[in-house]
Amino acid sequence: MDCSQLIEGVVKDKGTLAVLPGSVVTLFNSQGTQVAQTTVGADAAFKFEGLPCNEEYLARAQKPSYISDEKKVATGAKGQRREPTVLLLEIDEKELTPGKDLAKILDIPIIYFDLDKSNIRPDAEIELRKVITLLKQFPTIKIDVRSHTDSRAPYLYNEALSGRRNKATIRYIVRTGGIAANRITGKGYGEHNLVNNCSDGVNCTEAEHQFNRRSEFIILEK
């Protein structure tokens, strides 16, 4: 190998920033193949050496009672270093009650889709895997997936688009995540449930419209 690099970092609690000894960190290449794995020590630091330069990887950290977290990281050119910090979100089981939104509990941002598309993008997969991990940790939880759009297209178009995206989201959780289909219901609401006043004809910023483009994962049963 003409050029080799390393990836190193530390695993921390997202809320307290305390280090998390005993976490397992797994490294995957851009094809999704596991290339390395380590269990961190008292300082919660990890290091993967001898990696090719200028390659993309995914670092995944796991620890019991925590939801796994993933970070994309790339090795640079010779002499450069990438130091990802993998943050894990601790789950308080008392929060997992009917009516709560897993997107808020798991700190999931907007699930982005390409314009006029309903396929699950790689960046969305990272967020959906958080939902999958929680559903595996708590196998009695059932959820309702609710997909919403903003108002910047005809009403019926938005309703149909959100329906397709909703089905794609549920299909990914069931087929890729291995979650039983009877644990998940869902519906696309289009622009029906806007969270602000950005309805048809109202001049809003892109950030204001983004509040309405959201996916909710509402707990039905625990």
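The values are calculated or read from the model by the stated rules, or taken from the named source; none is laboratory data. Predicted model only: the values in this text are computed from it and were never measured. Quick reminder, even Gly has a Cβ in these numbers, built from the backbone with ideal geometry, and neighbours come from all protein chains shown.
I'm checking my understanding of the structure. Among residues of the stretch 33-53 that are assigned to a strand (DSSP E or B) and polar (S, T, N, Q), which one is modelled with the lowest pLDDT?
Ranking the candidates gives Gln34 first.
Any idea which of Arg165, Arg183 is of a type in the set (Lys, Arg), under 29 Å from Ser65 (Cα atoms) and surrounded by 13 or more Cβ atoms within 10 Å (Cβ to Cβ)?
Arg183
Across the stretch 146-173, what is the total count of residues that are aliphatic (A, V, I, L, M) and under 18 Å from Ala103 (Cβ atoms)?
Total meeting the criteria: 3.
Any residue in the stretch 18-43 that is on the phi > 0 side of the Ramachandran plot sitting within a Cβ distance under 7 Å of a residue that is among the charged types (D, E, K, R)? List the pairs, counting only those 6 or more apart or interchain.
Close Cβ pairs satisfying both conditions: Gly22/Lys63.
Please go through (1) small (Gly, Ala, Ser); (2) within 17 Å of Thr75 (Cα to Cα); (3) buried (at least 16 other Cβ atoms within 10 Å of the Cβ) for Ala44 and return the number of the only condition it doesn't satisfy.
(2)
Kindly provide the set of residues from the stretch 3-28 that are surrounded by 13 or more Cβ atoms within 10 Å (Cβ to Cβ) and within 18 Å of the chain's Cα centre (by Cα), ordered by number. Before the answer, list the steps.
Residues of the stretch 3-28 that are surrounded by 13 or more Cβ atoms within 10 Å (Cβ to Cβ), as a first pass: 3, 5-14, 19-21, 23-28.
Val11, Lys12, Asp13, Lys14, Val25, Thr26, Leu27, Phe28, listed by residue number.
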